[in-house]
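Read-outs: derived from the displayed coordinates by stated rules, not from any lab. Bear in mind the structure is a predicted one, so any value in this text is a computation, not a measurement.
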Amino acid sequence: MLEAQRSRDNDGLFETAQQGTFDDLVVAIWRTYTRPEQLSRVRGFFHVAGLAAYSPENFREFIDSLDDLTKILASLAEREGLGAEEALTTASVTIAAIRGLFRQEVLTPAGHSKDAVALILRMSKGQSVSRTHPGP
């Protein structure tokens, strides 16, 4: 059931990707899954991901579908001028950051997520970010 719901969501997100930019898709992903009525589905995603970690052979289809949005983001990044390898890395890190923020929203909603999404977008463009402490 989760796969069918994600597939429907992804169809809508793929439409955004066809007409939009990398940033547009990141924002669309965030808005799609952070609506209050989606909270139980986000929880379900992490529940199934946890089960898949313990028994990947039983969740192969779910695991294989996890890169769908990454691939679309990578193609947008390439369309915007990144090389294939850099585009895939940028997309992978972006999806990992978004999923981390989703987990934070589920466990400890703090209201800082919009700022974090803006930071993800700046980082994906190679723009500098201010540091709170010195160091490499």
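Contact order, relative form, for the chain: 22 percent (alpha carbon pairs under 8 Å, 6 or more residues apart, mean separation divided by residue count).
Largest mean-square fluctuation among 108, 89, 70, in a Gaussian network model of the chain whose springs join Cα atoms under 10 Å apart, belongs to 108. Segment residue 79..residue 103, full-extension length gain: 5.7 nm, with 0.36 nm per residue of separation and the alpha-carbon distance subtracted.
Between residue 51 and residue 66, residue separation times 0.36 nm minus the direct Cα-Cα distance comes to 4.0 nm. Working note: 222 nm ellipticity from helices only, DSSP H runs with n ≥ 4, each -39,500 (n - 2.57), summed and divided by the residues of the chain, gives -24000 deg cm²/dmol to the nearest 500. Were the residues from residue 5 through residue 93 laid out at 0.36 nm apart, the gain over their Cα-Cα distance would be 29.3 nm. The equivalent ellipsoid of the chain has semi-axes of 24, 19, 15 Å, largest first, where each one is the square root of 5 times an eigenvalue of the Cα gyration tensor.
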